[in-house]
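The values are calculated or read from the model by the stated rules, or taken from the named source; none is laboratory data. This structure is a prediction, so every number in the text was calculated from the model and none was measured. Cβ placement follows ideal geometry from the backbone for every residue including glycine, while neighbour counts extend to all protein chains displayed.
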Amino acid sequence: MRTPIALAATGLALTALSACSGEPQAGNGDSANSAPTKNAMNDKNAKITVAATDTECKVAVNEVSTGTSTFAITNAGSKVTEFYVYAPGDRVMGEVENIVPGLTREVVVDLPAGDYETTCKPGTVGKGIRNPLKVSGLHQPPADDARLAEAIAGYKRYITSQSETLLVRTREFVGAVKAGDIGKAKGLYPVARTYWERIEPVAEIFGDLDPAIDAREADLEDGQEWTGYHRIEKDLWVKKDVSTDGPIADKLMADVTTVVNKSAAARLSPVQLADGAKELLDEVATRKITGEENIWSHTDLWDFDANLEGSKAAVQALRPVLEERSPDLVKTLDAKFAAAETALDAHREGDGWKLHDKLSKEELRKLSDTINALAEPISRIAAVVVK
């Protein structure tokens, strides 16, 4: 499963889960570490250190109390790694990607009582190196829970509006593919994906549905069936023949419908909005800028714009709380969002965007710089909303 913001994930997750037990797994030759003996039940301000290498994932604790926990992951290995907190069924409760060797990155996760797994993914592949994590106690809502609840409600309205259009545009795309209309399908491909990319942090929490819909060929594990948008993308631009893609198109429509239905029922937290905003920018920084996301169609700037819009929607939902608690941060966010939008607007073309392979290295560098400048203040939002 790939993943960025969350929506800095950049993932989002359910905040209410019944406690379920499950044995930790090690995938693709990775070994699960023995569980630490310490716990963080009494010190919610302490960061939980994670020592990641190419073969180990040493989490300082194996038990925390309900509410927010901050994990600080240091990569001492030679491969880029990722860190996840999974609920049963590999639902993503929190994640941080692109932890290069020598780097320490943090993620704030809001967890109700239950049994979870912490996971490092050296090389960003496989099921990773997993450890059990138990969360106990009663959740204590913030004092200003009503305002935060309104922030979540506002963001959910955004997710609903985008999801409704995602279904319409994906149905049109699937219809064109099944009709063998390659020209129409090519035109609809980046449009349908725009709505997917805006809500992806919510979609990513549902385990295998995200890779079924959005896995790139390079993401595939041994024996994994390749389906979804990018499978059809290759057939449209490389094979130039979608005559056998009817079943793939039908599955894409079914999977997108399932994600939309699950997203409507998902219960989110303020931390998830903050992390989701960051994850979406990570998507831009790690995939869209390089052109590796849509390597055949080169429609990465459509995704870039959608990720930026999705990130802004999450931040705007939290704006009333941020304005009261950290007005200087709001001013910085406004300025950095405006700079990123201006940088991207320079590459508009008609009703869409220039193709990625038509941009120079310098133009891509400038876009990357504006996103990195925006990602830094967004990474501070989670700490503000959990005060």
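Overview of results
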read-out	value
Residues within the range 202-227 that are part of a loop (DSSP other than H, G, I, E, B), of a type outside the set (K, R) and surrounded by fewer than 22 Cβ atoms within 10 Å (Cβ to Cβ), tallied	10
Residue selected from the range 70-101 under the condition touching a helix residue (DSSP H, G or I) at 6+ places or on another chain (Cβ under 9 Å) and β-branched (V, I, T), by the criterion modelled with the lowest pLDDT	V92
Some residue of the range 282-298 being touching a helix residue (DSSP H, G or I) at 6+ places or on another chain (Cβ under 6 Å), among the β-branched types (V, I, T) and over 17 Å from P190 (Cβ atoms)	no
Which listed residue is farther than 26 Å from E150 by Cα and in the same structural domain as T370 (by TED's automatic domain parsing), from D300, D275	D300
Tally, over the range 103-119, of residues that are farther than 12 Å from V85 by Cα and hydrophobic (A, V, I, L, M, F, W, C)	2
Number of the condition not met by T68 [criteria: (1) assigned to a strand (DSSP E or B); (2) out of contact with any strand residue (DSSP E or B) (no Cβ under 7 Å at 6 or more places or on another chain); (3) not aromatic (F, W, Y)]	(2)
Any pair with Cβ under 8 angstrom, 6 or more apart, that starts in the range 69-87 at a residue that is on the phi > 0 side of the Ramachandran plot and ends at one that is assigned to a strand (DSSP E or B)	none
Residue, nearest to the chain's Cα centre (by Cα), within the range 198-237, restricted to residues that are more than 17 Å from D300 (Cα to Cα) and among the aromatic types (F, W, Y)	F206
A192 vs. criteria surrounded by 15 or more Cβ atoms within 10 Å (Cβ to Cβ), of a type in the set (A, V, I, L, M), within 30 Å of Y116 (Cβ to Cβ) and over 13 Å from the mean Cα position of the chain (by Cα)	no
Enumeration of residues in the range 241-291 that are modelled with pLDDT of 90 or more, assigned to a helix (DSSP H, G or I) and charged (D, E, K, R)	D250, K251, D255
Filter result (farther than 20 Å from E349 by Cα, buried (at least 24 other Cβ atoms within 10 Å of the Cβ) and of a type in the set (S, T, N, Q)) within the range 250-307	S269, Q272
